[in-house]
């Protein structure tokens, strides 16, 4: 008598949770001006995790900063993001601000898609 084999459906791509050490190393190398922000948000995430007895805030912190690190280490993406942010905040013309906000959203969606795409196996 053989036991029937079952196969699981393919896993849905998930945004991986990077390590804090990896995120901090990338931020240190590519965006050192954001280190204080990183540390402040880490402290807030851990305080919230302790207050709610949940690791959710820590996971959210790592995912958010993983996306920031992925953006900052790619010069073209980081430049596009920062230019869009500046234009969205400083544009006097409402249409310019709208276009900049759309560009900013496009950059963020691109980064999110790259982070959730299945990784190729070598």
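Mind jotting down the distance between the C-alpha centroids of segment 27-64 and segment 83-99, whole Å? Taking the Cα centre of segment 27-64 as reference, the centre of segment 83-99 is 29 Å away. Label positions at residue 44 and residue 86, each projected 7 Å from the Cα along the C-beta direction, are separated by 2.5 nm. Scattering from segment 75-116 was approximated by placing one identical point on each alpha carbon and applying the Debye formula without solvent; log10 I(q)/I(0) at 0.27, 0.28, 0.34 1/Å stands at -0.84, -0.88, -1.08. Going by neighbour counts of Cβ atoms within 10 Å, the residues 89, 59 line up, fewest first, as 89, 59.
The calculated FRET efficiency for residue 105 paired with residue 53, based on their beta-carbon distance and R0 = 30 Å, is about 0.30.
By its C-alpha gyration tensor, with a ≥ b ≥ c as the square roots of the eigenvalues, how is segment 38-122 shaped: rounded for a/c under 1.5, else prolate for a/b larger than b/c, else oblate? Judged from the Cα gyration tensor, segment 38-122 comes out oblate (a/c at least 1.5, b/c at or above a/b).
Going from the residue with the fewest nearby Cβ atoms within 10 Å to the one with the most, 38, 75, 92, 60 rank 92, 75, 60, 38.
No value in this document is a laboratory result; all are computed from the given coordinates. Quick caveat: nothing in here was measured; it's all calculated off a predicted structure. A quick note on method: Cβ atoms are made from the backbone with ideal geometry, for glycine too, and the neighbour counts reach across all protein chains shown.
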